[in-house]
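Remarks on the structure that follows.
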């Protein structure tokens, strides 16, 4: 005969598993992922403590979980708002719906963007180019000037010319279109990053910490090309290597 307590525990475990699984999928590869990893452990310890009859610890665990969740809501408020905006209000507006129709068009775009980076690098013109993937970048697009034009190396080059009023901001690309230019991006806050790189590279790392976008950065001082993804930067990339990396990364995910 199955114990009575088991009939109560099994539904609770299944419900919590369902909630944590979907919450984990929603927060995967976002700044909240590390915060979320500790939450199931707290619930497990609280449940085990309660099951073993440690009633004196019940208040402690309740306060700990409440404080942990409350602190997370306050600290990660901007990220939560952005995730909610992207996944709920604009869940139909992800790159999955309009990404390249075939491999040939994707390959042609990658050839064009690497050619543009090579030209910017040779002339030592600083540039910050953001390639949107799954996460909608509408919040950041609204900080710049909407262009919505078919991508071409010449157009990108003209945007980043020193005399251009938009050259200090970021250009955001969606598939093979330049959506906006002169966009303002969040800066990486790591102390180590602040010491090593300038604002353009910090912005490239910062946007990839908060979204799954790719960030191409051309240094104005050295002409070197770097690529940021998931908050990590690959420095001083050769054109051939850059093309290979984009073929792997810039696709449906």
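All of the numbers you see were taken from the coordinates with simple rules; none came from a lab. Note that the structure is a prediction, hence the values are computed from the model and not measured. Cβ placement follows ideal geometry from the backbone for every residue including glycine, while neighbour counts extend to all protein chains displayed.
Using only the Cα atoms, what convex hull volume per residue in Å³ does the range 151-194 have?
Numbers: hull volume 4.3 nm³, N = 44.
That works out to 97 Å³ per residue.
How high is the FRET efficiency between residue 17 and residue 63 when r is their beta carbon distance and R₀ equals 22 Å, given to the nearest 0.05? Show your work: numbers first, answer last.
On the way: r = 24 Å, r/R0 = 1.10.
Result of the calculation: an efficiency of 0.35.
Report the full-extension gain for the segment residue 221 to residue 54: residue separation times 0.36 nm, less the Cα-Cα distance, to one decimal in nm.
Working: separation 167, 0.36 × 167 = 60.12 nm, distance 6.26 nm.
Here the answer is 53.9 nm.
Averaging the inverse of every distinct alpha carbon separation and then flipping it gives the Kirkwood radius. What is it for the range 95-249, in angstrom units? Please list the in-between numbers first.
Details: mean 1/r = 0.0657 Å⁻¹.
Result for the range 95-249 stands at 15.2 Å.
In nm, to one decimal, how far is the modelled label at residue 134 from the one at residue 112, with both set 7 Å along Cα→Cβ?
2.6
Can you give the FRET efficiency to the nearest 0.05 for residue 199 and residue 248, using r as the Cβ-Cβ distance and R₀ = 45 Å?
The calculated FRET efficiency here is 0.95.
So what is the relative contact order for the range 95-249, in percent, with contacts set as C-alpha pairs under 8 Å and at least six apart? Don't jump to the answer; show the numbers that get you there.
Details: 297 pairs, mean separation 41.6, N = 155.
Reported relative contact order: 27 percent.
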